[in-house]
Structure formats: C-alpha cells, structure tokens
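Notes for the one structure printed next.
We did not get these values from a lab; they are worked out from the coordinates using the rules stated. A quick note: this is a predicted structure, and the numbers were derived from the prediction, not measured. Here the Cβ positions follow ideal geometry from the backbone for every residue, glycine too, while neighbour counts run over all protein chains shown.
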Amino acid sequence: MTVDIDKTTGDTPPAGPEAIKAIPVRHYGRYISAVVAIALLVGVVYAFSQGKINWDAIPDYFFDDRILDGVGKTLLLTVLSMVIGIVGGVLLAVMRLSKNPVTSSIAWFYIWFFRGTPVLVQLIVWFNLGLVFEYINLGPFYKDEWSDFMTPFLTALLGLGLNEAAYMAEICRAGLLSVDEGQTEASHALGMSHAKTLRRIVIPQAMRVIVPPTGNEVINMLKTTSLVSVVQYPELLRAAQDIGQTSGAPAEMLFLAAAWYLLMTSVFSIGQYYLERYYARGSSHSLPATPFQKIKANLLSLSSRSKPTGGTA
C-alpha cells in the first residue's frame, strides 16, 4: 500500500511556533481583603482621633530626659537578663541531658519551678525575701541587711534572668537534640573530647534551631521588663507612669510608652532577621532575600512589565 505525498506544499517554509501570551492570574480576593483591612484600619484610627485624648502631649514628652533614661534602663535590663538567661539556659540544658541522674534532676526541678510560676510573682517574692532572710552574710566578704542588699535593680535582674534561664534551657535542649548523634560519635572517634565536641561540632549546628526562638525571647524580655515597675525600678513604663501622674495625661503617656516599645521591638526584629539569615548559610543553597532585595526585585519586575514588548505584529 502506497501513500501519495504532495511535495508542492513543502516549497513554503513552515511558520514558527506562535508566542504564548501569558495572562497574570487575577487575585480578586486579595484586593477585597486589602480594601477591608484598610477600611478597618482607617476606622480604628478615626475612632482614636475622636477620643478624649490629648495627642499633643505625646511629642512633647517623647524625648523627655526621664523617658530616655527609662529607655536606657529598659535596654540595659533586657540585655543583662538575656545574658543571664542564655548562660543559665545552656548550663541547664547540658545538665538536663547529662546521664548523671542527680544533675539531670536538679535541672528538671529548676525548669519545672521557674516555668510553673508567673514571673510577676517571682519578682514580688524576690523583693520581699527579707521576710525570710533578715541578713545576707557572706562571711568576711559581705554582710548587710537583706532590704539594703536587694535593690530594685537587683530584684529585677534576678527575677527576669533566672526565669528566662528556665525557658532558654528548653530552647537550647531542643537545639542540642536536633544535631544527629553520628556527629558526636564521629568526633569522639577522631579523638575530640566531649567539651571540644560540644563547642566545635554540636553547638554551631544547634544554633540554627536555637537562634530563631532566642530572638523571640529577646523581644519578649523587652516587653516583660515593664513588669518590674511593681518593684519600684524606674524603667520605661514606670517613667511614663510618673510623668502621667504629674502632667495629668496618664493615658497619653501609656501610648508614648507603647510607641517606644514598638520602636525598640522593630529594631530587634531586624537584627533577629539578619542573625537568622547568617546561621541559615549552611542549611540552604540560597539565602532568603532581604527586604531591600525583595523591594528591588519587585521594582525591576514592574519596570519590565511596563516596557513595550518587541513581538511581531
């Protein structure tokens, strides 16, 4: 059986494939939700603007010396409490993972107690511990009445730092457990000691798990420092409350304190983002784009769309 082929049609070259015209997907739900969110935001802002609040008092006291002093003490307390929390947390995590049952039990009891009681109660207990211990006696080095020894700053530092150590212990323990045991066995096979294996092999890899929740703990600690106003420590909230009582604008000063807390947590959040990005280098092939890189990519994408295409008519 033969088939006749019309060779005359092969004289004209075949046309190339027709270009595909891509049509972007329309996300109408996003537009509607954005409009609803903006409308709600405008409504909330309008409601607050019509309230009986003297908004002019906020910029008048925003950079007041007492407020700036409170901001400085808030940051100092945050940093020192987190240092105590991180150092204590690493120590407790290692104790918790120890094969020694006494060491592990002590760490478990510490974590159980400090995580199981509110930090506000702990602060008040530290402040009133003079009811139990009338004097503090360190032999020939130091001896004083407890009320003179336990200043508001020391009360706040111990209350926040020791409480934070219990939470950091669980975060560090999760990070240490995330490292495969084969890494430790290989290090020991190479002759590395347990301490060196922990310092050079385990902890650097565990940091990828430890850093993100630690950043959250720093931000949470910054806000938790507002609780120490109950032990008379003049941090940001305490300073704002004192100004509010003397200026007759207590509510306005609370908004001022909230603005400062938002400003500081925003700065800490940026630092946390870049720290996470730094420790993500070994776990992903490409680092996540920074906000500036995302904005630049979006602008380039919009500019490329706006340019006329050179397709055939």
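Would you calculate, for the chain, the mean residue ellipticity at 222 nm contributed by helices, counting each DSSP H stretch of 4 or more residues as -39,500 (n - 2.57) and dividing by all residues, to the nearest 500?
-22000 deg cm²/dmol
Measuring from the lowest to the highest alpha carbon on each principal axis, how far does segment 180-236 reach, largest first, in angstroms?
Principal-axis extents of segment 180-236 (Cα, largest first): 55, 19, 12 Å.
Evaluate the charge dipole of the chain about its Cα centre and quote only its size in Debye, nearest 20, assuming +1 on the Cβ of each Lys and Arg and -1 on the Cβ of each Asp and Glu.
840 debye
Would you please give the FRET efficiency between residue 47 and residue 220, computed as 1/(1 + (r/R0)^6) with r the Cβ-Cβ distance and R0 = 51 Å, to the nearest 0.05?
For R0 = 51 Å, the calculated efficiency reads 0.95.
Can you tell which of 135, 273, 167 shows the greatest fluctuation in a Gaussian network model of the chain with Cα springs below 10 Å?
135
I need to check one value: relative contact order of the chain, counting alpha carbon pairs closer than 8 Å and at least 6 residues apart, in percent.
22 percent
Step through the table entries 52/294; 21/296; 73/196; 73/296, compare each Cα-Cα distance with 31 Å, and write down the pairs that go over it.
Result: 52/294; 73/196; 73/296 exceed 31 Å.
Counting residues in the chain as N, plug N into 2.2 N^0.38 Å and put the Cα Rg over that result.
1.56
Gaussian network model of the chain, Cα springs within a sub-10 Å range: biggest mean-square fluctuation belongs to which of 62, 113, 141?
141
Pop out the ³J(HN,Hα) list for segment 130-146 in order, Karplus 6.51 cos²θ - 1.76 cosθ + 1.60 with θ = phi - 60°, rounded to Hz; leave Gly and Pro as x.
x, 5, 9, 10, 6, 10, 10, 10, 9, x, x, 8, 7, 8, 7, 5, 4
DSSP H helices in the chain with Cα extent of 30 Å or more along the helix axis and mean Kyte-Doolittle hydropathy at least -1.0?
Those that pass (Cα extent of 30 Å or more, hydropathy at least -1.0) are 28-49, 65-96, 152-177, 250-279.
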